[in-house]
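Asker: Starting off with a structure, shown below.
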Amino acid sequence: MSTNGDGDEHNHESEETRQQRIESSNIAGIELMLSKFVDSLAHSQRQMLETQAQNQQHLLESLTCFSKGLEDVLKHQNKALANQTGEKKVKADDGKKQKTAESAADPYVVEEYAKLFWAAVDGEWNRAKEFFEKHPDATTKPITSESETTLHIAIRCGEWKFVENMVNFGGARSS
């Protein structure tokens with residue numbers, strides 16, 4: 001009987017050991033699966049970040065290209081607009097080119113500021129300064145139907161010396 005009892009005990013221990021091995025095996029399998037899952041997630045995240053960085057770089061390049069193209073188009077349109085607003089080139093007796101503003105019929109330029117508009121387009125600071133001295137509030141008034149000021153027009157036309165003079169003139173007046 002004791003053999004039977006010992007055999008039962010031995011069977012019981014081996015069953016317990018077998019159960020532990022199964023549980024260990026299951027835990028190891030779960031740990032392995034979790035490890036592979038984490039690795040997979042990390043790999044996916046790296047790929048996603050790389051793709052995002054590439055997309056951002058592509059978008060930045062596209063926007064830069066678009067911006068340059070837009071600047072070129074706007075420059076071209078602004079030149080065309082300046083020509084449509086009544087600008088005529090007339091050869092003077094002294095050989096210098098002059099522009100006359102015939103913007104009274106043009107709705108783009110506010111009629112009372114036509115001379116100021118063309119002074120800004122031509123970069124002729126002395127003509128503008130004379131106008132500002134007679135009409136001090138004109139320095140900040142919209143002179144086009146697009147609510148552009150003289151400063152806007154000069155900047156749009158790239159008349160940087162005019163812009164500098166206007167800023168200095170405005171600063172001197174506010175002091």
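Each value in this text was obtained by applying a stated rule to the coordinates, not by laboratory testing. Just so you know, these numbers come straight off a predicted model, no measurement behind them. Positions of Cβ are backbone-derived with ideal geometry, glycine not excepted, and every protein chain shown enters the neighbour counts.
Asker: Long-range amide H contacts for G123: which residues qualify at under 5 Å (H placed 1.01 Å from N, peptide plane, sequence gap of 5 or more or a different chain)?
Answerer: Excluding prolines and chain starts, which carry no amide H, there are no hits.
Asker: Quote to one decimal, in nm, the extra length available between N78 and R127 on full extension: 0.36 nm per residue of separation minus the C-alpha distance between them.
Answerer: Between N78 and R127, full extension yields 15.5 nm more.
Asker: Mind listing the long-range amide H neighbours of T144? Cut-off is under 5 Å, sequence gap 5 or more, other chains count too, H placed in the peptide plane at 1.01 Å from N.
Answerer: Here V110 satisfy the definition.
Asker: Also, quick follow-up: When the chain is fully extended, how far beyond the present Cα-Cα distance does L32 get from W160, taking 0.36 nm per residue of separation? Walk me through the intermediate numbers first.
Answerer: Working: separation 128, 0.36 × 128 = 46.08 nm, distance 6.94 nm.
Once the chain is fully extended between L32 and W160, it gains 39.1 nm.
Asker: Treat each spin label as a single point 7 Å out from the Cα along the C-beta direction, and report the H135 to L49 distance in nm.
Answerer: The modelled label-to-label distance comes out at 6.1 nm.
Asker: Next up: How would you rank 152-165, 33-46, highest first, on the average number of other Cβ atoms within 10 Å across their residues?
Answerer: Per-residue mean Cβ counts within 10 Å order the peptides as 152-165, 33-46.
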